[in-house]
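The values are calculated or read from the model by the stated rules, or taken from the named source; none is laboratory data. Remember, it's a predicted structure, so these values are computed and weren't measured experimentally. Counting neighbours? That spans all protein chains shown, and the Cβs are built from the backbone with ideal geometry, glycine included. Calculation scope for accessible area: heavy atoms of the full protein, side chains included, ligands and nucleic acids excluded. Shrake-Rupley method; radii C 1.70, N 1.55, O 1.52, S 1.80 Å.
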Amino acid sequence: MATVPFVKATACGNDFLIIDLTHAPGDISAFSQRICDRHNGVGADGVEWVLPAKDADLAVRLLNADGSEAEISGNGTRCVAAWYCSENDCDSVAVRTGAGLKTCELTGRDGNTFEFRSSMGIPEVGDEFPIQLTCAEMRGVPVSIGNPHYVVFVPEFELGWQAVAEQISKHHDFKHGTNVEFVKLINESEIEVRFCERGVGETMSSGTGSCAAAVASIHIGKARSPVRVHAPGGTQAVEWSSEVFLHGPAALLCRGEFFV
């Protein structure tokens, strides 16, 4: 029986499967959907497919749970860095992503849980603009962290926010779709966030989403760097001067073989 070896890791509840691309059984989009299924597969928000890189320790291709390909996941990249550090006993990992080269510096380790400070690049922030949904108009700040985000500030997280965020994510104003963050300001150094990611839906956390939410909060003058980002899956910290740096954990959960 053919099998595909995998490692499962999580970063604040945002979970990923790490698989060597040489083990891909044909169509990686269809296979990523299958193995990410939480009832008939292993279950994950996405697959980080690992391959060699000439200018980095390794390269990755990120496939979401629905089989679509994304430029980058901040949390997923950190999960890959944790796996690489565990295999190679190192304290710095350079990862070639679809959004460029990202470096994860190991700042602490406790068993299979790793803490990293990750370089996330220079963000692109636009002016707030409205979009019209079926039942309401929403206003948000567009931010690119190598992938697209639309940050909406709210006084509270209302019941059914997921459906609204999903509608925003697929809105025709966003040619390639967008990740959506609903942000509640706590004070100038802390925010609380809910995430709806392209190709996944609601997630317990998001690395690039945390960066986008913090950057947007600083951009509108409601926060100052560094910003602690609280999410259902845990807390991360974001620094922004020119480049963005993301601080957070990644834990290796298990390894196994998936029957093809």
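Which of the trypsin sites (Lys or Arg not before Pro) found in the range 21-79 are in a DSSP loop and have at most 16 neighbouring Cβ atoms, other than their own, within 10 Å?
Working: sites: ARG34, ARG38, LYS54, ARG61, ARG78; in loops: ARG38, LYS54.
Answer in residue order: ARG38, LYS54.
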A student asked for the Cα radius of gyration and Dmax of the range 77-166 in angstrom ought to give 18.1, 53
Return the whole-Å distance between the Cα centroid of the range 1-68 and the Cα centroid of the range 182-235. 25 Å
Across LEU63, LEU246, LEU159, the residue with the highest GNM fluctuation in the chain (Cα network, 10 Å cutoff) is LEU159
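With a length cut of 15 Å (Cα positions projected on each helix's long axis) and a Kyte-Doolittle mean of at least 0.5, go through the chain and give me the DSSP H helices that pass.
Working: long enough: 74-88 (21 Å, -0.45); 207-219 (18 Å, 0.93).
Qualifying helices, which must be both long enough and hydrophobic enough, are 207-219.
DSSP beta bridges in the range 112-260, what fraction antiparallel, as a percent rounded to 5? Mind dumping the intermediate values first?
On the way: 37 of 45 bridges.
Antiparallel bridges make up about 80 percent of those DSSP assigns within the range 112-260.
Charges only on Cβ, +1 for Lys and Arg, -1 for Asp and Glu: so what's the dipole of the chain about the Cα centre, in debye to the nearest 20? Can you show the working numbers first?
Working: 20 positive and 34 negative charges, 19 e Å.
Roughly 100 debye for the chain.
With a 1.4 Å probe and every protein chain left in place, work out the accessible area per residue of the range 1-100 in Å², rounded to a whole number. Walk me through the numbers on the way to the answer.
Numbers: 3930 Å² over 100 residues.
Solvent-accessible surface per residue comes out at 39 Å².
So what is the accessible area of the range 125-260 per residue, in Å², with the probe set to 1.4 Å? Can you show the working numbers first?
Values: 6220 Å² over 136 residues.
Computed with neighbouring chains in place, this is 46 Å² per residue.
Looking at the chain, identify the longest residue range that excludes and avoids all GluC sites (Glu not before Pro) in DSSP loops having at most 12 other Cβ atoms within 10 Å. Let's see the in-between values first.
Details: sites that count: GLU156, GLU158, GLU243.
Longest gap between qualifying sites, sites excluded: 1-155.
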Calculate, in whole percent, how much of the Cα-Cα pair population of the chain lies beyond 25 Å. 40 percent
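Return the carbon/sulfur percentage of the accessible area of the chain, one whole number, probe 1.4 Å, all protein chains in place.
Values: 5630 of 11450 Å².
Looking at the chain in its full context, I get 49 percent from C and S.
With an 8 Å Cα cut-off and a minimum separation of 6 or more residues, compute the relative contact order for the range 111-251 in percent. If you can, show how the numbers build up before the last one.
Numbers: 305 pairs, mean separation 37.4, N = 141.
RCO, the range 111-251: 27 percent.
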Based on Cα positions only, what radius of gyration and what Dmax would you give for the range 1-145, in angstroms? 16.9, 54
May I ask you to list the lysines whose Cα is less than 16 Å away from that of LYS102, ignoring any residue fewer than eight positions away on the same chain? LYS54
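Tell me, what are the semi-axes, in whole angstrom and largest first, of the equivalent ellipsoid of the range 119-260 as set by the roots of 5 times the Cα gyration tensor eigenvalues? Working shown, then result.
Values: eigenvalues 103, 85, 44 Å².
Largest first, the range 119-260 gives 23, 21, 15 Å.
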Could you work out, for the range 193-250, what percent of all Cα-Cα pairs fall into each 5 Å distance bin, beginning at 0 Å and stopping at the bin that holds the largest distance? 4, 20, 32, 23, 15, 5, 1
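Please report the antiparallel percentage of DSSP beta bridges with both residues in the range 119-187, rounded to the nearest 5.
Once the DSSP bridges in the range 119-187 are tallied, antiparallel ones form about 65 percent.
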